[in-house]
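Beneath this line is the structure, given in C-alpha coordinates, with notes to follow.
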Amino acid sequence: MSHPFTISPSPHVRDDDSIQRIMFSVILALLPAGFYAMYLFGPRVIWLNFIAIGAAVITEVLCQLVMKRPIRISDGSAILTGLLLAYNIPASTPLWMPAVGSIVGILVGKQVFGGIGYNPMNPALVGRAFLMASWPVHMTVFNIAPHGGTLSGIDAMTAATPLNAFKHIRSILLHADQYTTNEVAEASVTLSKLYGSYSNLFIGKVGGCIGETSALLLLIGAAFLMSRHIIGWKIPFMYVTTVFILTWVFGGVAGLFSGNPLFHILSGGLILGAFYMATDMVTTPVTFKGRILFGVGCGFFTVVIRLWGGYPEGVSYAILLMNLTTPLIDRLTKPKVFGG
Amino acid sequence: MSVGKEFIKGMVRENPVFRLLLGLCPVLATSSSVMNAIGMGVSVIFVLVASNTLVSLLRNFIPPKIRIPIYISIIATFVTVVDLIMAGFFPDLHKSLGMFIKLIVVNCIILGRAEAFASKNNTFYAIIDGLGMGIGFTFSMIIIATIRELLGNGTWLNMPVFGTQFEPVLIFVLAPGAFITLGFIIGGMNWLDHRRAAIATKS
(Lines give C-alpha, C1' and ligand atoms only; values in the text may rest on other atoms or scores of the structure.)
Protein backbone atom coordinates (compact mmCIF):
# COMPACT_ATOMS: atom_id res chain seq x y z
CA MET A 1 0.00 0.00 0.00
CA SER A 2 1.38 3.37 -0.90
CA HIS A 3 0.65 6.64 0.84
CA PRO A 4 -0.39 9.65 -1.17
CA PHE A 5 1.82 11.82 1.05
CA THR A 6 5.50 11.76 1.87
CA ILE A 7 5.93 10.84 5.51
CA SER A 8 9.16 12.08 7.07
CA PRO A 9 10.45 13.36 10.43
CA SER A 10 10.74 17.12 11.06
CA PRO A 11 12.02 19.67 10.12
CA HIS A 12 9.75 20.05 7.12
CA VAL A 13 11.33 22.58 4.81
CA ARG A 14 9.49 23.61 1.70
CA ASP A 15 11.98 25.00 -0.75
CA ASP A 16 12.80 24.80 -4.42
CA ASP A 17 16.44 24.10 -3.56
CA SER A 18 17.87 21.04 -5.21
CA ILE A 19 21.36 19.71 -5.84
CA GLN A 20 20.82 20.53 -9.48
CA ARG A 21 19.94 24.17 -8.82
CA ILE A 22 22.92 24.63 -6.51
CA MET A 23 25.42 22.99 -8.85
CA PHE A 24 24.31 24.86 -11.95
CA SER A 25 24.27 28.17 -10.05
CA VAL A 26 27.89 27.62 -9.03
CA ILE A 27 28.79 26.70 -12.62
CA LEU A 28 27.08 29.85 -13.86
CA ALA A 29 28.95 31.94 -11.28
CA LEU A 30 32.25 30.47 -12.44
CA LEU A 31 31.68 31.09 -16.15
CA PRO A 32 32.82 34.76 -16.37
CA ALA A 33 36.26 33.86 -15.02
CA GLY A 34 36.42 31.03 -17.56
CA PHE A 35 35.60 33.27 -20.51
CA TYR A 36 38.20 35.74 -19.32
CA ALA A 37 40.77 32.92 -19.14
CA MET A 38 40.05 32.08 -22.81
CA TYR A 39 40.94 35.67 -23.72
CA LEU A 40 43.96 35.65 -21.41
CA PHE A 41 45.57 32.30 -22.27
CA GLY A 42 44.05 31.51 -25.67
CA PRO A 43 41.63 28.89 -27.05
CA ARG A 44 43.59 26.04 -25.49
CA VAL A 45 41.67 26.81 -22.30
CA ILE A 46 38.42 25.68 -23.96
CA TRP A 47 39.88 22.26 -24.72
CA LEU A 48 41.26 21.84 -21.21
CA ASN A 49 37.85 22.68 -19.76
CA PHE A 50 35.95 20.32 -22.06
CA ILE A 51 38.38 17.47 -21.46
CA ALA A 52 38.20 17.91 -17.67
CA ILE A 53 34.40 18.05 -17.65
CA GLY A 54 34.05 15.17 -20.12
CA ALA A 55 36.39 12.93 -18.16
CA ALA A 56 34.62 13.75 -14.89
CA VAL A 57 31.17 12.99 -16.31
CA ILE A 58 32.26 9.76 -18.02
CA THR A 59 34.04 8.55 -14.87
CA GLU A 60 30.95 9.29 -12.79
CA VAL A 61 28.66 7.37 -15.16
CA LEU A 62 31.04 4.40 -15.36
CA CYS A 63 31.41 4.26 -11.57
CA GLN A 64 27.67 4.36 -11.05
CA LEU A 65 27.16 1.66 -13.70
CA VAL A 66 29.79 -0.62 -12.16
CA MET A 67 28.55 -0.05 -8.61
CA LYS A 68 24.93 -0.52 -9.77
CA ARG A 69 23.85 2.82 -8.36
CA PRO A 70 21.30 5.10 -9.97
CA ILE A 71 22.87 7.29 -12.67
CA ARG A 72 22.76 10.79 -11.20
CA ILE A 73 24.72 12.65 -13.79
CA SER A 74 22.04 15.29 -14.29
CA ASP A 75 22.66 16.74 -10.81
CA GLY A 76 25.64 18.57 -12.30
CA SER A 77 28.09 17.76 -9.52
CA ALA A 78 30.51 15.95 -11.85
CA ILE A 79 30.40 18.85 -14.30
CA LEU A 80 31.28 21.23 -11.48
CA THR A 81 34.14 19.01 -10.32
CA GLY A 82 35.56 18.92 -13.85
CA LEU A 83 35.20 22.67 -14.27
CA LEU A 84 36.87 23.42 -10.91
CA LEU A 85 39.69 21.03 -11.72
CA ALA A 86 40.33 22.77 -15.03
CA TYR A 87 40.36 26.12 -13.21
CA ASN A 88 43.07 24.73 -10.94
CA ILE A 89 45.67 23.81 -13.54
CA PRO A 90 47.99 26.01 -15.62
CA ALA A 91 46.93 26.67 -19.22
CA SER A 92 50.15 25.13 -20.53
CA THR A 93 49.57 21.62 -19.15
CA PRO A 94 49.39 18.75 -21.65
CA LEU A 95 45.83 17.90 -22.74
CA TRP A 96 45.76 14.49 -21.01
CA MET A 97 46.39 16.00 -17.58
CA PRO A 98 42.92 17.43 -16.84
CA ALA A 99 41.48 14.04 -17.85
CA VAL A 100 43.68 12.19 -15.37
CA GLY A 101 42.90 14.76 -12.68
CA SER A 102 39.15 14.45 -13.21
CA ILE A 103 39.23 10.65 -13.23
CA VAL A 104 41.20 10.55 -9.98
CA GLY A 105 39.07 13.29 -8.41
CA ILE A 106 35.80 11.51 -9.14
CA LEU A 107 37.00 7.96 -8.55
CA VAL A 108 39.36 8.31 -5.57
CA GLY A 109 37.95 11.54 -4.18
CA LYS A 110 34.25 10.80 -4.42
CA GLN A 111 32.86 7.51 -5.74
CA VAL A 112 34.88 5.11 -3.56
CA PHE A 113 33.45 6.85 -0.51
CA GLY A 114 29.88 6.43 -1.74
CA GLY A 115 29.28 9.24 -4.23
CA ILE A 116 27.79 12.67 -3.75
CA GLY A 117 27.31 13.67 -0.13
CA TYR A 118 29.79 11.15 1.25
CA ASN A 119 33.11 12.52 0.01
CA PRO A 120 35.37 13.67 2.87
CA MET A 121 37.38 15.99 0.61
CA ASN A 122 36.63 18.27 -2.31
CA PRO A 123 36.97 15.98 -5.38
CA ALA A 124 38.43 18.69 -7.61
CA LEU A 125 41.14 19.42 -5.07
CA VAL A 126 41.90 15.71 -4.69
CA GLY A 127 42.47 15.68 -8.46
CA ARG A 128 44.69 18.74 -8.26
CA ALA A 129 46.73 17.32 -5.37
CA PHE A 130 47.20 14.09 -7.35
CA LEU A 131 48.45 16.00 -10.40
CA MET A 132 50.65 18.20 -8.22
CA ALA A 133 52.35 15.19 -6.61
CA SER A 134 52.63 13.26 -9.87
CA TRP A 135 53.77 15.87 -12.39
CA PRO A 136 55.06 18.79 -10.32
CA VAL A 137 56.87 20.35 -13.30
CA HIS A 138 53.75 20.57 -15.49
CA MET A 139 51.76 21.96 -12.58
CA THR A 140 54.19 24.66 -11.49
CA VAL A 141 55.68 25.88 -14.78
CA PHE A 142 53.47 28.42 -16.48
CA ASN A 143 54.57 28.45 -20.11
CA ILE A 144 51.75 30.54 -21.55
CA ALA A 145 52.15 34.21 -20.69
CA PRO A 146 48.92 36.13 -20.08
CA HIS A 147 47.67 37.91 -23.20
CA GLY A 148 48.74 41.55 -23.45
CA GLY A 149 48.87 42.49 -19.82
CA THR A 150 51.80 41.55 -17.68
CA LEU A 151 52.87 42.29 -14.15
CA SER A 152 54.93 45.35 -15.10
CA GLY A 153 57.10 43.12 -17.24
CA ILE A 154 58.10 40.68 -14.51
CA ASP A 155 56.18 37.78 -15.96
CA ALA A 156 56.75 38.68 -19.60
CA MET A 157 59.92 36.62 -19.81
CA THR A 158 59.18 33.77 -17.46
CA ALA A 159 55.39 33.79 -17.32
CA ALA A 160 55.83 33.32 -13.58
CA THR A 161 52.85 33.75 -11.32
CA PRO A 162 52.94 36.63 -8.82
CA LEU A 163 53.33 34.15 -5.99
CA ASN A 164 56.22 32.33 -7.69
CA ALA A 165 58.00 35.64 -8.12
CA PHE A 166 57.18 36.63 -4.55
CA LYS A 167 58.58 33.42 -3.07
CA HIS A 168 61.81 33.80 -5.02
CA ILE A 169 62.26 37.48 -4.16
CA ARG A 170 61.41 36.98 -0.51
CA SER A 171 64.06 34.29 -0.11
CA ILE A 172 66.64 36.64 -1.67
CA LEU A 173 65.67 39.52 0.61
CA LEU A 174 65.54 37.38 3.75
CA HIS A 175 69.00 35.95 3.09
CA ALA A 176 70.50 39.12 1.68
CA ASP A 177 73.99 38.27 2.90
CA GLN A 178 74.17 35.27 0.52
CA TYR A 179 73.52 37.33 -2.61
CA THR A 180 75.37 40.17 -4.32
CA THR A 181 74.20 43.73 -3.65
CA ASN A 182 73.03 43.94 -7.27
CA GLU A 183 70.74 40.94 -6.91
CA VAL A 184 69.32 42.26 -3.66
CA ALA A 185 68.68 45.71 -5.12
CA GLU A 186 67.02 44.15 -8.17
CA ALA A 187 64.87 41.97 -5.93
CA SER A 188 63.59 44.90 -3.88
CA VAL A 189 62.74 46.80 -7.08
CA THR A 190 60.78 43.77 -8.32
CA LEU A 191 59.04 43.46 -4.99
CA SER A 192 57.82 47.04 -5.10
CA LYS A 193 56.65 46.43 -8.70
CA LEU A 194 54.74 43.35 -7.51
CA TYR A 195 53.20 45.29 -4.66
CA GLY A 196 52.28 48.14 -6.99
CA SER A 197 50.32 45.98 -9.39
CA TYR A 198 46.99 45.88 -7.58
CA SER A 199 44.89 46.79 -10.57
CA ASN A 200 46.35 44.00 -12.70
CA LEU A 201 45.95 41.54 -9.85
CA PHE A 202 42.37 42.61 -9.26
CA ILE A 203 41.31 42.43 -12.91
CA GLY A 204 43.39 39.32 -13.44
CA LYS A 205 45.96 40.32 -16.03
CA VAL A 206 48.55 38.01 -14.45
CA GLY A 207 49.87 34.50 -14.89
CA GLY A 208 48.42 31.62 -12.94
CA CYS A 209 46.08 28.68 -13.10
CA ILE A 210 43.21 28.97 -15.59
CA GLY A 211 40.42 30.15 -13.34
CA GLU A 212 42.20 31.85 -10.47
CA THR A 213 43.60 35.03 -11.99
CA SER A 214 40.66 37.43 -12.00
CA ALA A 215 39.62 38.41 -8.49
CA LEU A 216 37.00 40.79 -9.90
CA LEU A 217 35.07 38.24 -11.99
CA LEU A 218 35.25 35.60 -9.27
CA LEU A 219 33.90 38.09 -6.72
CA ILE A 220 30.99 39.00 -9.03
CA GLY A 221 30.13 35.31 -9.27
CA ALA A 222 30.45 34.94 -5.52
CA ALA A 223 28.11 37.88 -4.94
CA PHE A 224 25.56 36.16 -7.19
CA LEU A 225 25.87 32.94 -5.17
CA MET A 226 25.56 34.79 -1.88
CA SER A 227 22.43 36.57 -3.08
CA ARG A 228 20.91 33.17 -3.81
CA HIS A 229 22.02 31.88 -0.37
CA ILE A 230 24.12 29.13 -1.92
CA ILE A 231 27.31 30.13 -0.13
CA GLY A 232 27.51 31.74 3.29
CA TRP A 233 29.73 34.62 4.34
CA LYS A 234 31.41 32.98 7.31
CA ILE A 235 34.00 30.71 5.72
CA PRO A 236 35.13 33.09 2.91
CA PHE A 237 35.16 36.11 5.24
CA MET A 238 37.15 34.38 7.98
CA TYR A 239 39.46 32.79 5.42
CA VAL A 240 40.33 36.09 3.74
CA THR A 241 40.56 37.98 7.06
CA THR A 242 42.95 35.41 8.53
CA VAL A 243 45.17 35.58 5.46
CA PHE A 244 45.03 39.39 5.64
CA ILE A 245 46.14 39.53 9.28
CA LEU A 246 48.78 36.81 9.10
CA THR A 247 50.42 38.10 5.91
CA TRP A 248 50.37 41.65 7.26
CA VAL A 249 52.13 40.54 10.46
CA PHE A 250 54.55 37.95 9.11
CA GLY A 251 54.67 38.46 5.34
CA GLY A 252 57.16 41.31 5.18
CA VAL A 253 60.91 41.27 4.89
CA ALA A 254 61.50 44.19 7.29
CA GLY A 255 60.24 42.62 10.51
CA LEU A 256 56.71 42.28 11.85
CA PHE A 257 53.78 44.25 10.40
CA SER A 258 55.65 45.03 7.18
CA GLY A 259 53.80 42.58 4.93
CA ASN A 260 51.47 43.45 2.09
CA PRO A 261 48.16 41.70 2.82
CA LEU A 262 46.30 42.98 -0.26
CA PHE A 263 48.87 41.42 -2.56
CA HIS A 264 48.38 38.05 -0.86
CA ILE A 265 44.62 38.21 -1.05
CA LEU A 266 44.46 39.15 -4.72
CA SER A 267 47.17 36.80 -5.98
CA GLY A 268 47.08 33.05 -6.39
CA GLY A 269 44.00 30.93 -5.90
CA LEU A 270 42.79 32.51 -2.67
CA ILE A 271 39.58 34.07 -4.00
CA LEU A 272 38.71 30.97 -6.04
CA GLY A 273 39.47 28.72 -3.06
CA ALA A 274 37.79 30.80 -0.37
CA PHE A 275 34.53 31.45 -2.24
CA TYR A 276 34.09 28.36 -4.40
CA MET A 277 35.96 25.44 -2.84
CA ALA A 278 36.08 26.12 0.91
CA THR A 279 32.30 26.64 0.77
CA ASP A 280 31.45 23.20 -0.63
CA MET A 281 28.44 22.02 1.38
CA VAL A 282 29.50 18.41 1.77
CA THR A 283 33.03 18.90 3.03
CA THR A 284 32.67 21.84 5.42
CA PRO A 285 31.23 22.15 8.95
CA VAL A 286 27.53 22.88 9.43
CA THR A 287 27.64 24.82 12.70
CA PHE A 288 28.15 28.59 13.01
CA LYS A 289 31.27 28.32 15.20
CA GLY A 290 32.50 25.43 13.11
CA ARG A 291 32.44 27.50 9.93
CA ILE A 292 34.34 30.33 11.64
CA LEU A 293 36.95 27.83 12.82
CA PHE A 294 37.14 26.23 9.37
CA GLY A 295 37.80 29.58 7.69
CA VAL A 296 40.49 30.53 10.20
CA GLY A 297 42.17 27.13 9.77
CA CYS A 298 42.20 27.43 5.97
CA GLY A 299 43.73 30.89 6.23
CA PHE A 300 46.34 29.75 8.71
CA PHE A 301 47.54 26.81 6.60
CA THR A 302 47.51 28.87 3.41
CA VAL A 303 49.80 31.49 4.93
CA VAL A 304 52.08 28.89 6.53
CA ILE A 305 52.56 27.18 3.15
CA ARG A 306 52.97 30.44 1.22
CA LEU A 307 55.50 32.00 3.58
CA TRP A 308 57.42 29.04 4.98
CA GLY A 309 56.43 26.00 2.92
CA GLY A 310 58.01 24.46 -0.16
CA TYR A 311 55.24 25.45 -2.60
CA PRO A 312 54.50 29.04 -3.65
CA GLU A 313 50.74 28.46 -3.25
CA GLY A 314 48.99 26.71 -0.38
CA VAL A 315 45.26 27.25 -0.90
CA SER A 316 44.46 23.76 -2.20
CA TYR A 317 46.35 21.92 0.53
CA ALA A 318 44.94 24.19 3.23
CA ILE A 319 41.37 23.40 2.13
CA LEU A 320 42.07 19.66 1.82
CA LEU A 321 43.58 19.60 5.32
CA MET A 322 40.64 21.45 6.81
CA ASN A 323 38.17 19.23 4.89
CA LEU A 324 39.59 16.30 6.84
CA THR A 325 39.06 18.05 10.17
CA THR A 326 35.40 18.82 9.35
CA PRO A 327 33.88 15.89 11.30
CA LEU A 328 36.00 16.82 14.34
CA ILE A 329 35.06 20.50 14.12
CA ASP A 330 31.39 19.58 13.84
CA ARG A 331 31.62 17.41 16.92
CA LEU A 332 33.55 20.06 18.84
CA THR A 333 31.09 22.84 18.04
CA LYS A 334 27.86 20.88 18.36
CA PRO A 335 25.35 23.27 19.93
CA LYS A 336 23.67 22.30 23.19
CA VAL A 337 20.13 21.04 22.92
CA PHE A 338 17.76 23.80 24.09
CA GLY A 339 16.94 23.18 27.73
CA GLY A 340 19.28 20.20 27.83
CA MET B 1 44.66 -30.63 9.82
CA SER B 2 46.17 -31.16 6.39
CA VAL B 3 49.55 -29.99 5.19
CA GLY B 4 48.18 -28.54 1.96
CA LYS B 5 45.49 -26.54 3.74
CA GLU B 6 47.92 -25.05 6.24
CA PHE B 7 50.28 -24.13 3.44
CA ILE B 8 47.71 -22.62 1.09
CA LYS B 9 45.74 -20.57 3.65
CA GLY B 10 48.36 -17.82 3.71
CA MET B 11 47.95 -17.21 -0.02
CA VAL B 12 44.36 -16.05 -0.26
CA ARG B 13 41.98 -16.99 2.53
CA GLU B 14 44.17 -15.70 5.37
CA ASN B 15 46.53 -13.60 3.28
CA PRO B 16 48.42 -11.52 5.85
CA VAL B 17 48.39 -8.31 3.80
CA PHE B 18 45.02 -8.30 2.02
CA ARG B 19 42.97 -10.29 4.54
CA LEU B 20 44.46 -10.00 8.02
CA LEU B 21 45.90 -6.51 7.32
CA LEU B 22 48.98 -7.36 9.38
CA GLY B 23 52.44 -5.88 8.95
CA LEU B 24 51.23 -3.05 6.74
CA CYS B 25 54.04 -0.68 7.73
CA PRO B 26 56.75 -2.44 5.66
CA VAL B 27 54.20 -3.20 2.94
CA LEU B 28 53.40 0.47 2.45
CA ALA B 29 56.94 1.69 2.92
CA THR B 30 59.03 -0.76 0.89
CA SER B 31 56.74 -1.68 -2.00
CA SER B 32 57.87 1.22 -4.18
CA SER B 33 59.91 -1.14 -6.38
CA VAL B 34 59.68 -4.84 -7.17
CA MET B 35 63.32 -5.41 -6.15
CA ASN B 36 62.68 -3.97 -2.68
CA ALA B 37 59.50 -6.03 -2.37
CA ILE B 38 61.34 -9.26 -3.17
CA GLY B 39 64.15 -8.40 -0.75
CA MET B 40 61.68 -7.59 2.01
CA GLY B 41 59.55 -10.66 1.25
CA VAL B 42 62.47 -13.11 1.32
CA SER B 43 63.70 -11.61 4.61
CA VAL B 44 60.24 -12.04 6.11
CA ILE B 45 59.96 -15.64 4.87
CA PHE B 46 63.29 -16.51 6.49
CA VAL B 47 62.51 -14.83 9.82
CA LEU B 48 58.96 -16.23 9.88
CA VAL B 49 59.99 -19.84 9.21
CA ALA B 50 62.95 -19.69 11.61
CA SER B 51 61.03 -18.05 14.46
CA ASN B 52 58.02 -20.34 13.98
CA THR B 53 60.36 -23.34 14.18
CA LEU B 54 62.07 -22.21 17.36
CA VAL B 55 58.90 -21.04 19.09
CA SER B 56 57.22 -24.34 18.25
CA LEU B 57 60.19 -26.34 19.58
CA LEU B 58 60.25 -24.33 22.80
CA ARG B 59 56.47 -24.12 23.21
CA ASN B 60 56.44 -26.40 26.25
CA PHE B 61 59.25 -24.56 28.02
CA ILE B 62 58.14 -20.94 27.60
CA PRO B 63 56.28 -19.67 30.71
CA PRO B 64 53.00 -18.17 29.44
CA LYS B 65 53.37 -14.97 31.45
CA ILE B 66 56.57 -13.84 29.76
CA ARG B 67 55.98 -15.40 26.35
CA ILE B 68 55.87 -12.13 24.38
CA PRO B 69 59.37 -10.92 25.45
CA ILE B 70 60.71 -14.39 24.64
CA TYR B 71 59.10 -14.38 21.19
CA ILE B 72 60.55 -10.94 20.56
CA SER B 73 64.05 -12.10 21.58
CA ILE B 74 63.78 -15.08 19.23
CA ILE B 75 62.54 -12.93 16.37
CA ALA B 76 65.17 -10.25 17.02
CA THR B 77 67.90 -12.88 16.81
CA PHE B 78 66.86 -13.94 13.32
CA VAL B 79 66.30 -10.37 12.19
CA THR B 80 69.87 -9.56 13.22
CA VAL B 81 71.06 -12.52 11.15
CA VAL B 82 69.14 -11.29 8.09
CA ASP B 83 70.30 -7.72 8.65
CA LEU B 84 74.00 -8.67 8.82
CA ILE B 85 73.82 -11.10 5.88
CA MET B 86 72.06 -8.54 3.71
CA ALA B 87 74.52 -5.79 4.69
CA GLY B 88 77.37 -8.13 3.80
CA PHE B 89 76.16 -9.59 0.51
CA PHE B 90 73.55 -7.15 -0.85
CA PRO B 91 74.72 -3.73 0.36
CA ASP B 92 72.59 -1.85 -2.21
CA LEU B 93 69.37 -3.60 -1.25
CA HIS B 94 70.24 -3.17 2.42
CA LYS B 95 70.70 0.54 1.88
CA SER B 96 67.38 1.01 0.09
CA LEU B 97 65.40 -1.05 2.64
CA GLY B 98 67.20 0.75 5.45
CA MET B 99 65.38 0.79 8.76
CA PHE B 100 62.65 -1.56 7.58
CA ILE B 101 64.80 -4.70 7.86
CA LYS B 102 65.36 -3.99 11.56
CA LEU B 103 61.67 -3.21 11.97
CA ILE B 104 60.77 -6.80 11.01
CA VAL B 105 61.27 -7.43 14.75
CA VAL B 106 57.99 -5.69 15.50
CA ASN B 107 56.18 -6.95 12.39
CA CYS B 108 52.74 -8.15 13.45
CA ILE B 109 52.69 -11.13 11.10
CA ILE B 110 55.69 -12.77 12.72
CA LEU B 111 54.60 -12.16 16.29
CA GLY B 112 51.03 -13.05 15.33
CA ARG B 113 51.97 -16.41 13.83
CA ALA B 114 54.18 -17.22 16.83
CA GLU B 115 51.34 -16.45 19.22
CA ALA B 116 48.43 -17.83 17.21
CA PHE B 117 49.96 -20.85 15.54
CA ALA B 118 53.52 -21.88 16.38
CA SER B 119 53.00 -21.92 20.14
CA LYS B 120 50.09 -24.36 19.76
CA ASN B 121 51.20 -26.71 16.99
CA ASN B 122 54.06 -29.09 16.31
CA THR B 123 57.20 -28.01 14.53
CA PHE B 124 56.36 -29.48 11.14
CA TYR B 125 53.07 -27.61 10.86
CA ALA B 126 54.69 -24.45 12.25
CA ILE B 127 57.23 -24.53 9.41
CA ILE B 128 54.50 -25.11 6.82
CA ASP B 129 52.47 -22.25 8.29
CA GLY B 130 55.49 -19.92 8.29
CA LEU B 131 56.31 -20.80 4.67
CA GLY B 132 52.72 -20.30 3.50
CA MET B 133 52.26 -17.01 5.31
CA GLY B 134 55.68 -15.75 4.23
CA ILE B 135 55.05 -16.62 0.59
CA GLY B 136 51.60 -15.02 0.78
CA PHE B 137 53.19 -11.88 2.20
CA THR B 138 55.89 -11.80 -0.50
CA PHE B 139 53.34 -12.42 -3.23
CA SER B 140 51.15 -9.53 -2.02
CA MET B 141 54.18 -7.25 -1.79
CA ILE B 142 55.14 -8.10 -5.38
CA ILE B 143 51.61 -7.37 -6.63
CA ILE B 144 51.56 -3.95 -4.94
CA ALA B 145 55.13 -3.18 -5.99
CA THR B 146 54.39 -4.16 -9.61
CA ILE B 147 51.54 -1.65 -9.83
CA ARG B 148 53.51 1.07 -8.07
CA GLU B 149 56.74 0.59 -10.01
CA LEU B 150 54.97 0.32 -13.39
CA LEU B 151 52.92 3.47 -12.90
CA GLY B 152 55.29 5.48 -10.75
CA ASN B 153 58.53 4.75 -12.54
CA GLY B 154 57.54 3.15 -15.85
CA THR B 155 59.74 0.12 -15.10
CA TRP B 156 59.45 -3.45 -13.81
CA LEU B 157 62.45 -4.82 -11.93
CA ASN B 158 64.30 -1.76 -13.26
CA MET B 159 63.57 -2.71 -16.88
CA PRO B 160 61.81 0.06 -18.81
CA VAL B 161 58.34 -1.10 -19.90
CA PHE B 162 56.67 1.87 -21.53
CA GLY B 163 58.20 4.00 -24.26
CA THR B 164 59.92 7.30 -23.69
CA GLN B 165 56.57 9.08 -24.20
CA PHE B 166 55.31 7.83 -20.84
CA GLU B 167 55.54 10.37 -18.05
CA PRO B 168 55.67 8.47 -14.73
CA VAL B 169 52.85 9.08 -12.27
CA LEU B 170 55.22 10.09 -9.46
CA ILE B 171 52.59 9.82 -6.74
CA PHE B 172 52.64 6.02 -7.00
CA VAL B 173 56.19 5.76 -5.68
CA LEU B 174 55.33 8.17 -2.86
CA ALA B 175 53.40 7.27 0.28
CA PRO B 176 49.88 8.24 -0.96
CA GLY B 177 50.30 5.91 -3.96
CA ALA B 178 50.91 3.00 -1.58
CA PHE B 179 47.68 3.70 0.29
CA ILE B 180 45.66 4.14 -2.92
CA THR B 181 47.01 0.91 -4.44
CA LEU B 182 46.46 -1.14 -1.28
CA GLY B 183 42.98 0.31 -0.81
CA PHE B 184 41.88 -0.58 -4.32
CA ILE B 185 43.28 -4.13 -4.10
CA ILE B 186 41.53 -4.78 -0.76
CA GLY B 187 38.33 -3.25 -2.16
CA GLY B 188 38.56 -5.50 -5.21
CA MET B 189 39.11 -8.61 -3.07
CA ASN B 190 36.15 -7.76 -0.84
CA TRP B 191 34.01 -7.25 -3.93
CA LEU B 192 35.02 -10.69 -5.26
CA ASP B 193 34.18 -12.21 -1.88
CA HIS B 194 30.73 -10.62 -1.80
CA ARG B 195 30.06 -11.82 -5.30
CA ARG B 196 31.14 -15.36 -4.46
CA ALA B 197 28.96 -15.31 -1.34
CA ALA B 198 26.00 -13.97 -3.32
CA ILE B 199 26.37 -16.70 -5.93
CA ALA B 200 26.73 -19.35 -3.22
CA THR B 201 23.51 -18.32 -1.46
CA LYS B 202 21.62 -18.20 -4.74
CA SER B 203 22.43 -21.77 -5.81
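The values are calculated or read from the model by the stated rules, or taken from the named source; none is laboratory data. In this text the structure is predicted, and so the values were computed from the model without any measurement. Methodologically, a virtual Cβ is constructed for each residue, glycine included, from the backbone with ideal geometry; neighbour enumeration extends over all protein chains shown. Please note that ligands, DNA and RNA were not included when accessible areas were found on the heavy atoms of the full protein model with its side chains. Shrake-Rupley method; radii C 1.70, N 1.55, O 1.52, S 1.80 Å.
Between B:Thr77 and B:Thr164, what length in nm is gained on full extension when 0.36 nm per residue of separation is reduced by their alpha carbon distance? Before the final figure, lay out the partial values.
Values: separation 87, 0.36 × 87 = 31.32 nm, distance 4.59 nm.
That works out to 26.7 nm of additional length.
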Starting from the Cα of A:Lys110, draw a straight line to each of the lysines and keep only those under 24 Å, dropping any in the same chain fewer than 8 residues away.
A:Lys68
proj_area_mean for chain A (convex hull on C-alpha atoms), units nm², value 20.4 nm²
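For B:His94, B:His194, give me the order by solvent-accessible area with a 1.4 Å probe, most accessible first, ignoring ligands, DNA and RNA. Could the numbers behind the result be given before it?
Values: B:His94 35, B:His194 130 Å².
I get B:His194, B:His94, largest accessible area first.
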At a 1.4 Å probe radius, carbon and sulfur cover how many percent of the accessible area of chain B?
73 percent
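Does the stretch B:47-203 classify as rounded, prolate or oblate by the C-alpha gyration tensor (a ≥ b ≥ c root eigenvalues; a/c under 1.5 gives rounded; else a/b over b/c gives prolate, otherwise oblate)?
Working: a/c = 2.77, a/b = 1.34, b/c = 2.07.
Oblate is the answer for the stretch B:47-203, as a/c is 1.5 or above yet b/c matches or exceeds a/b.
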Can you give the Rg and Dmax of the stretch A:19-140 based on its C-alpha atoms, in angstrom?
13.8, 42
Taking placed amide H atoms and a strict 5 Å upper bound, the residues 5 or more places from B:Trp156 or on another chain that come that close are B:Val161
Just read off the accessible area of B:Val106 with the full protein assembly in place, 1.4 Å probe, to the nearest 10 Å².
100 Å²
Can you give the angle from 0 to 90° between the axis of helix A:44-66 and the longest principal axis of chain A, with both taken from C-alpha atoms, to the nearest 10?
30 degrees
Work out the mean other chain Cβ neighbour count within 10 Å for the residues of A:123-133 and drop it here as an integer.
2
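Among A:216-223, B:83-90, how do they line up by average Cβ neighbours within 10 Å per residue, starting with the highest? Working shown, then result.
Working: A:216-223: 19.6, B:83-90: 13.4.
Going from most to least packed, we get A:216-223, B:83-90.
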Cut-off 15 Å between beta-carbons: net charge of the residues surrounding A:Pro136, Lys and Arg +1, Asp and Glu -1
0
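Between chains A and B, what is the buried accessible area in Å², counting both sides, with a 1.4 Å probe and ligands, DNA and RNA left out, to the nearest 100?
On the way: alone 16310 and 10810 Å², together 26360 Å².
Using a 1.4 Å probe on protein heavy atoms, the buried area is about 800 Å².
Measuring with a 1.4 Å probe in the full set of protein chains, what accessible area per residue, in whole Å², belongs to chain A? Mind dumping the intermediate values first?
Details: 15940 Å² over 340 residues.
Spelled out: the 1.4 Å probe surface of chain A, per residue, equals 47 Å².
For the stretch A:116-264, with all protein chains present and a 1.4 Å probe, just round the carbon and sulfur fraction of the accessible area to a whole percent.
Accessible surface attributable to carbon and sulfur in the stretch A:116-264 totals 67 percent.
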So, with points 7 Å from each Cα along the Cβ direction, the A:Lys289-A:Ala254 label distance in nm works out to 4.2 nm
A:Val282 versus A:Val66, label points 7 Å from Cα toward the beta carbon: distance in nm?
1.7 nm
Below 30 Å Cα-Cα, how many Lys pairs turn up in the stretch B:3-202? Only count pairs eight or more apart in sequence, or on different chains, if you could.
9
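When N is the residue count of the stretch B:1-44, what does its C-alpha Rg come to as a fraction of 2.2 N^0.38 Å? Mind dumping the intermediate values first?
On the way: Rg = 12.2 Å, N = 44, 2.2 N^0.38 = 9.3 Å.
Relative to the rule-of-thumb radius for its length, the stretch B:1-44 sits at 1.32.
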If one takes the longest principal axis of the Cα atoms in chain B, at what angle in degrees, from 0 to 90 and to the nearest 10, does the Cα axis of helix B:67-89 lie?
50 degrees
Principal-axis tilt of helix B:175-202 within chain B, Cα atoms, nearest 10 degrees
70 degrees
Return the Rg/Rh value of the stretch A:154-330, two decimal places, where both radii are evaluated on C-alpha atoms and Rh is the Kirkwood radius.
1.00
Per the 1/(1 + (r/R0)^6) rule, R0 = 30 Å and r from the Cβ atoms of A:Trp308 and A:Arg44, FRET efficiency to 0.05 is 0.30
Sorted list, accessible surface of protein heavy atoms, 1.4 Å probe, largest first, for A:Trp308, B:Trp156 is A:Trp308, B:Trp156
Heavy-atom accessible area of B:Ile70 with all protein chains present, probe 1.4 Å, nearest 10 Å²?
50 Å²
Take the stretch A:44-99, compute every pairwise Cα distance, and split them into 5 Å bins from 0; I just need the percent in each bin.
4, 23, 28, 19, 13, 9, 4, 0
